[in-house]
1. Tell me, how many Å apart are the Cα centres for segment 182-204 and for segment 84-143?
2. Roll a 1.4 Å probe over the protein heavy atoms and report the accessible area of HIS241 in Å², nearest 10.
3. On the protein heavy atoms, probe 1.4 angstrom, tell me the percent of accessible surface of the chain carried by carbon and sulfur.
4. Provide the per-residue ³J(HN,Hα) series for segment 214-225, in order, calculated from phi with Karplus coefficients 6.51, -1.76, 1.60 and θ = phi - 60°, each as a whole number of Hz, with x at glycine and proline positions.
5. So which lysines can LYS124 reach, going by Cα to Cα under 17 Å and dropping same-chain residues fewer than 8 places off?
6. Per 0.36 nm of contour for each residue apart, how much would the distance between ARG187 and ASP18 grow if the chain were fully extended, relative to their Cα-Cα spacing?
7. Let me check I've understood the local charge: for ARG168, count other residues with C-beta under 12 angstrom from its C-beta, Lys and Arg +1, Asp and Glu -1. What total comes out?
8. For the chain, what does -39500 (n - 2.57) per DSSP helix run (n ≥ 4), summed and divided by total residues, give at 222 nm, in deg cm²/dmol to the nearest 500?
Amino acid sequence: MKTTWTDICVNLTNKRFDKDREEVINQAVEADVKRMLVTGTNLEHSRQAVKLANAYPDHLKATAGCHPHDAKEMTAASWVALEELIRSPEVVTVGECGLDFDRNFSPADVQLEVFERQIQLAIKYQKPLLLHERSAHDAMLSLLQKYREQLTTLVIHCFTGTREQVKRYIELDIYIGVTGWVCDERRNHDLLDALNDIPLNRLMVETDAPYLTPRNLKPKPKNGRNLPSVVPHIGKELASHYQVSPSELQSITTQNSIDCFNWPL
Ligand SMILES: [Zn+2]
């Protein structure tokens, strides 16, 4: 595996991939996206993510965690099971976890509690954190500051915030994941501005598929479903912003994923 893109956040356990999951993975590999991090967003999806990583050991790794939307579902039993998953070798990071005060599908106090507990698990097993943050920058930052010294590496996935916010994350030595949001000229202004403060050695690429299909993708995928094979399209957009070649951006962002997740080629 000499060259490859790395998709650091793809929801391959989503039911929209039930009919053709294998084909989607094969297509991605053919598009030179040979490394995909399959996101676990609750106990059941984390279990499925680990299973999938076991079935495709050359291409997939998994995350195990509880998304803020699902925070209210956590029980004593599910914590035990989740911790067991976090310990498994296919799981290279704890998450997707964090805070989402935009939609508040779980109450804010429950989100904070469930997030802090996952931070503590990441510390206990010395694994990275894959973070989700919407409308909760200050609360996220204060928790990360509190624990930063004890944590290993961290990545904010699907960053769409401002230059000021990204500066504070970079100060904490956090990696930043960028999705096809950057290809949406209607709403990418803050993000394009923030890229000026994201050094290349902190940047990673992700699709967040099946969500967030790049708006300028041609031809449009069937049913508007995003795919991990779209990573090179996002990478090209980022390369032009950073004024490097797509292949340079590919090797830099893949190297960052090797370093961040301790996930060798
Ligand atoms: Zn997310």
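1. Result: 23 Å between the Cα centres.
2. So the heavy atoms of HIS241 present about 70 Å² to solvent.
3. Carbon-and-sulfur percentage of accessible area, whole number: 48.
4. x, 5, 9, 6, 9, x, 5, x, 4, 6, x, 7
5. LYS146
6. 57.8 nm
7. Summing Lys/Arg as +1 and Asp/Glu as -1 gives -3.
8. Details: 9 runs with 108 residues, N = 265.
Result for the chain, helices only: -12500 deg cm²/dmol.
The values are calculated or read from the model by the stated rules, or taken from the named source; none is laboratory data. Here the structure is a predicted model, which means the values were calculated and not measured. Note that each Cβ is placed from the backbone with ideal geometry, even for glycine, and that neighbours are counted across all protein chains shown. When the accessible area is computed, the model is the full protein with side chains, heavy atoms only, and any ligands, DNA or RNA have been set aside. Shrake-Rupley method; radii C 1.70, N 1.55, O 1.52, S 1.80 Å.
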